[in-house]
Amino acid sequence: MNVLIVDDEINIRQLMSRYLKLEGIRSSEAENGLSAQRMLREQGFDACVIDLKMPGMNGLELIQWIRSEGLRMPIIMISAHGEISDAVTALKEGAQDYIVKPFDPEELVLRLKKLVELQNLRNVVESKSRQVDSEGELFIGESPQIKQIKKVIEKIADTTSMVLITGESGTGKEVVARRIHQTSPVADGPFVAINIGGVPENLIESELFGYEKGAFTGAVNRKIGMFELAGGGTLFLDEIGDMPLSLQVKILRVLQDRKIIRLGGTTELPINARIIAATNKDLEERVRSGSFREDLFYRLNVVRIHIPPLRQRREDIPLLAAGILKRLNREMGHTVTGISADALNRITEHEFYGNVRELENILERAMIFATESEIQESDLDLRHSVSLHNQTQQPQELPQSEAKSLKEAEIEAIIHALHRWEGNRTRAAEELGISRRTLINKIAEYNLSL
């Protein structure tokens, strides 16, 4: 445990530090709020003990700053007898406990240990709550490909090596990333995910690195970036293939040096997050074309996991469908008991270019319209399964009449997906199996008014 003690009285700081040391607890001392801010920016602490009355920035203001920075460590406020009402205010602002002067150092240690244990437990619970039901729907599969993926995850369970996950959109790359995190040495830390393709290009850098107040117009407060938020846990860089070339060199430097500098800042901040990246793009081809840095590719590609499309592991579909139905019943309050033989045969024969995500969408719609205890073939709607990726790979080789029909199919698929998600382009792009940027380009290309 590492505790930050903030108090303007040196004798109190030293008393607490000595007692914490006797209990095997590391501590650092700050004489005022400004000094504490500097130390909190430069290193991580498991808890803070903060005096209420200090010259300059008082304890309450420091607590407000800590919480505005997104820092979650427990805080104990120290107050005098006449400051109880202020201590109660501090609890409302984000402190977890307060102790009145003069205090028993042993009591302080007991409270600190309890609060840190509770925070660690909370971190574990939050991490587990994000776990997909039954180890993640992907892991219900028993195909040779999925069994091999499980073996790789078991093999790297004791490491924090970088992992690159590849596969078509909707195959479950984030599910695999979460499973790697949950079985890793950093499982008790946060799992922070960012979809590079879903963030406007001019905002990606600030999302990843954060920024200082005044770094640019509109930066009215400091923002903690994804690299910092994932400290002690895992940062999942989804759709890394969409990373702008201009930003790739900065990401490479971070992965090499394990340090970042917030936009508008000058202080190097250490990072200790595990990095997992994923893409539905052919990164080797992008390296050859010059749109992805070769050195960044090799830095990320320490452990490679490829998730095959659902149409290449059809034996997993019945098990996946059963797992998805179980979860949807719970979420939607339905009691669909299963899928009829005819409906299951139809689903198993389907191509599923949208993979597990498309299977989920089909089953959710079928549950809404089902009139019997089992989903029937008539409840299924497979008409809108369109893979824009496959349809647009080689349009020059198609006859003009067929190319026209494919264009119409693309337009129909785009309109249907956007209507389904009420104009949400990110969700629509996910359903279509393309990046958000590609979807925006398609809308412009076809001059769609939506």
Only residues in the range 213-236 that are free of Cβ contacts under 8 Å to residues at least 12 places away in the same chain and closer than 15 Å to Arg72 by Cα count as the first member; pair them with residues that are part of a strand (DSSP E or B) and not hydrophobic (A, V, I, L, M, F, W, C), Cβ under 6 angstrom, at least 6 apart or cross-chain, and list the lot. none
Among helices (runs of 4 or more DSSP H) entirely within the range 358-450, at least 2 residues that are closer than 28 Å to Glu174 by Cα, touching a Gly at 6+ places or on another chain (Cβ under 6 Å) and at pLDDT 80 or above occur in none
Give the residue, chosen from Ile347, Ile305, that is free of Cβ contacts under 8 Å to residues at least 60 places away in the same chain and surrounded by 18 or more Cβ atoms within 10 Å (Cβ to Cβ). Ile347
For the range 176-191, state whether one or more residues are aliphatic (A, V, I, L, M), outside any loop (DSSP other than H, G, I, E, B) and modelled with pLDDT under 90. no
Of the residues in the range 157-175, those that are assigned to a loop (DSSP other than H, G, I, E, B) and over 18 Å from Glu358 (Cα atoms) number 6
Name the helices (runs of 4 or more DSSP H) wholly within the range 204-304 that hold at least 2 residues that are over 17 Å from Glu69 (Cβ atoms)? 204-209, 245-257, 283-289, 294-300
From the list Leu4, Leu15, exactly one residue is surrounded by 17 or more Cβ atoms within 10 Å (Cβ to Cβ), in contact (Cβ under 8 Å) with a residue 40 or more places away in the chain and aliphatic (A, V, I, L, M). Which is it? Leu4
Could you give me the residue pairs with C-beta distances under 6 Å whose first residue belongs to the range 271-282 and is under 15 Å from Ile251 (Cα atoms), whose second residue is part of a strand (DSSP E or B) and of a type outside the set (Val, Ile, Thr) wherever it lies, and which are 6+ apart or on separate chains? Ala273/Leu235; Ile275/Leu235; Ile276/Phe236; Ala277/Leu164; Ala277/Leu237; Ala278/Asp238
Yes/no for Ala230 being small (Gly, Ala, Ser) and modelled with pLDDT of 90 or more: yes
Among the residues listed as Leu269, Leu263, Leu283, the single one being farther than 30 Å from Gly214 by Cα and of a type in the set (A, V, I, L, M, F, W, C): Leu283
Being among the hydroxyl-bearing types (Ser, Thr, Tyr), outside the structural domain of Ile440 (by TED's automatic domain parsing) and buried (at least 21 other Cβ atoms within 10 Å of the Cβ), is that true of even one residue in the range 205-228? yes
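The values are calculated or read from the model by the stated rules, or taken from the named source; none is laboratory data. Quantities reported herein were computed from a predicted structural model and do not represent experimental measurements. No Cβ is skipped: glycine too gets one built from the backbone with ideal geometry, and neighbour counts run over all protein chains shown.
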